[in-house]
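So the structure is just underneath, and the comments pick up after that.
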Amino acid sequence: MGGGDTIAALATPWGAGAVAVIRVSGPEAIAVAGRIFRGARPVEEMAPGRVARGAIVRDGADLDEVLLTVFRAPRSYTGEDVVEISGHGGVVVANEVLQAALAAGARPAEPGEFTRRAFLNGKMDLTQAEAVMDLIAARGEASAKAAAAQLSGRLGHEVDKIRGAALDALAHLEAFIDFPEEGIDAESGAALLARIDAVSASVSRLLRTADEGRMLREGVRLVIHGAPNVGKSSLLNLLLGYDRAMVSDTPGTTRDTIEENLTLRGIPFRVVDTAGLRESADPLEQEGMRRTREHLERADIALRVVEPSTWRAGDAPVVGEILVLNKIDQWSGGPLPAGLLALCCLDGNGLEQLVDTMIDRAKLAPATDRDELIAINARHQHCLRRAGEFLAAARESLARGDAPELTAVELRAALASIGEVTGAVDTEEVLGKIFSTFCIGK
């Protein structure tokens, strides 16, 4: 169950705004609110889900005129008694209301403590708890839609199905352990292998979504590179819609990488403008080019920019690279060669086609097309990789004809690793790491 004490925090961002919400949760939430709220009726007598208008009072003085809502356990976000106080926005008044709640018997909530209590009280699984923060931090429509799908329980449901199949395989095996005189005949062994293979296939299918999940949460890593003065910084500015990078006719102006975040058609990108690649004895420029190569090694998409004076016939893009011919207004070579995308950074001609190609290369559909998205994060990936290793070990053990007890050890380990994804098997260390990344108030 959740914590035994009562917590309070500001559930909306600090700063000026129309409304500030103070959330109080715990066994004394209603009593705490009753000590500071003056309305038409006592808080203790309010019906769940009804909103009451009144004032927050401390030491006999009115602090703010507010709307107060009561949610009774277990029908609340945390599964505990919860009170939400909606008052006027502003740093001073919101803090005074919060301090009144703390003086009345609540303590300050830790980061993520409300959602942690919701998890501990069975209101959501661990994947849904993580999705709360993903939704708050979403940088584009696609990442928000993916987080909403996870919050609805789609990933947890899929993991539960895999865990159920693994549990069936283990139960099948333990039947032979309980009745050793039966033995595992060829037919039964083949059936058990098929069960293990089916679970492994399901785990592998989820693992294939890890890159997509990373790109949705962190942004597609897009690296712009090429020779000096071909228009790399101009392309960055064009994508951003404002002048972020300094543009000059002098070669070597960009000596360090410039990183910016942007959203294109609902999909987040992390764009890196890099130093031009050329022969140079300048130590600073050499360091800039070393960083360029580092970013290229980690890129999801590389945009290599060329111009009419630097492009050579037969110069084709490498795997994972998009070749962009900038300054197309200066092109006089006839029909554009295959494999080149034409662009003019001065007027934006060709930008739409380039964006189409970038999104297609990232293999992320526009947010409006994403109806059945499941995309795991790095923690899920770690758990499922371990599960896959244990499943492979179980298969090998069974194929070798090991004693059923040895195969069962591997299957139990696989089952535990799968359970860690949703929190069916959890540790305080894992929970602490996850919820420490949350903002206070959630």
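Could you list, in sequence order, all residues of region 332-358 that are assigned to a loop (DSSP other than H, G, I, E, B) and modelled with pLDDT under 85? Before the answer, list the steps.
Narrowing region 332-358 to residues assigned to a loop (DSSP other than H, G, I, E, B): 332-339, 343, 345-348, 350.
Across region 332-358, the qualifying residues are Ser332, Gly333, Gly334, Pro335, Leu336, Pro337, Ala338, Gly339.
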* To do: Counting only residues that are β-branched (Val, Ile, Thr), give me the helices (runs of 4 or more DSSP H) lying completely in region 112-170 with at least 1 of them.
  => 113-120, 126-137
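Could you please let me know if Glu420 is modelled with pLDDT of 85 or more, buried (at least 20 other Cβ atoms within 10 Å of the Cβ) and out of contact with any Phe, Trp or Tyr (no Cβ under 8 Å at 6 or more places or on another chain)?
Taking the combined requirement at face value, the residue satisfies it.
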* Asked: Mind checking whether some residue in region 136-153 is assigned by TED's automatic domain parsing to the domain that holds Cys383, of a type outside the set (Gly, Ala, Ser) and at pLDDT 90 or above?
  -> yes
* Would you pick out the residues in region 186-200 that are surrounded by 13 or more Cβ atoms within 10 Å (Cβ to Cβ) and modelled with pLDDT of 90 or more? -> Leu193, Arg195, Ile196, Asp197, Ala198, Val199, Ser200
* Asked: Only one of these conditions is not met by Pro108: (1) over 14 Å from Arg23 (Cα atoms); (2) modelled with pLDDT of 95 or more. Which number is it?
  -> (1)
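Looking at the structure I just gave you, is Val93 outside any strand (DSSP E or B) and either aliphatic (A, V, I, L, M) or crowded, with 16+ Cβ neighbours inside 10 Å (or both)? Step through it out loud before you land on a result.
Numbers: outside any strand (DSSP E or B): yes; either aliphatic (A, V, I, L, M) or crowded, with 16+ Cβ neighbours inside 10 Å (or both): yes.
Answer is yes for this residue.
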* Structure fact -> Scanning region 216-239 residue by residue, the ones that are closer than 16 Å to Glu260 by Cβ, among the aliphatic types (A, V, I, L, M) and in contact with a strand residue (DSSP E or B) (Cβ under 9 Å, 6 or more places away or on another chain) total 7
* Quick one: Val24 ticks every box in (1) of a type outside the set (D, E, K, R); (2) closer than 30 Å to Gly122 by Cβ; (3) in contact (Cβ under 8 Å) with a residue 24 or more places away in the chain; (4) not in a strand (DSSP E or B) bar one, so which box is it? -> (4)
* Answer yes or no: is there a residue in region 53-70 that is assigned by TED's automatic domain parsing to the domain that holds Val24, assigned to a helix (DSSP H, G or I) and either of a type in the set (Asp, Glu) or over 30 Å from Val421 (Cα atoms) (or both). => no
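From Ala100, Ala131, grab the single residue that is crowded, with 23+ Cβ neighbours inside 10 Å and free of Cβ contacts under 8 Å to residues at least 60 places away in the same chain. Break it down stepwise before answering.
Details: Ala100 fails: free of Cβ contacts under 8 Å to residues at least 60 places away in the same chain.
Step by step, each of Ala100, Ala131 is checked, and only Ala131 is crowded, with 23+ Cβ neighbours inside 10 Å and free of Cβ contacts under 8 Å to residues at least 60 places away in the same chain.
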* Structure fact -> For Trp14, the lone unmet condition from (1) surrounded by fewer than 18 Cβ atoms within 10 Å (Cβ to Cβ); (2) assigned to a helix (DSSP H, G or I) is (2)
* Based on what the data block shows, is Glu297 in the same structural domain as Asn237 (by TED's automatic domain parsing) and at pLDDT 75 or above? -> yes
* Asked: Say we look at region 55-85 and pick out the residues that are among the small types (Gly, Ala, Ser) and crowded, with 17+ Cβ neighbours inside 10 Å; which of these is farthest from Gly34 (Cα to Cα)?
  -> Gly79
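Being in the same structural domain as Ala399 (by TED's automatic domain parsing), more than 25 Å from Leu303 (Cα to Cα), modelled with pLDDT of 90 or more and out of contact with any Asp or Glu (no Cβ under 8 Å at 6 or more places or on another chain): is that true of Ala165 here? Spell out the reasoning first.
Details: in the same structural domain as Ala399 (by TED's automatic domain parsing): yes; more than 25 Å from Leu303 (Cα to Cα): yes; modelled with pLDDT of 90 or more: yes; out of contact with any Asp or Glu (no Cβ under 8 Å at 6 or more places or on another chain): yes.
Yes; evaluated as a whole, the condition is true for this residue.
The values are calculated or read from the model by the stated rules, or taken from the named source; none is laboratory data. A quick note: this is a predicted structure, and the numbers were derived from the prediction, not measured. Every residue, glycine among them, receives a Cβ derived from its backbone with ideal geometry; neighbour counts consider all protein chains shown.
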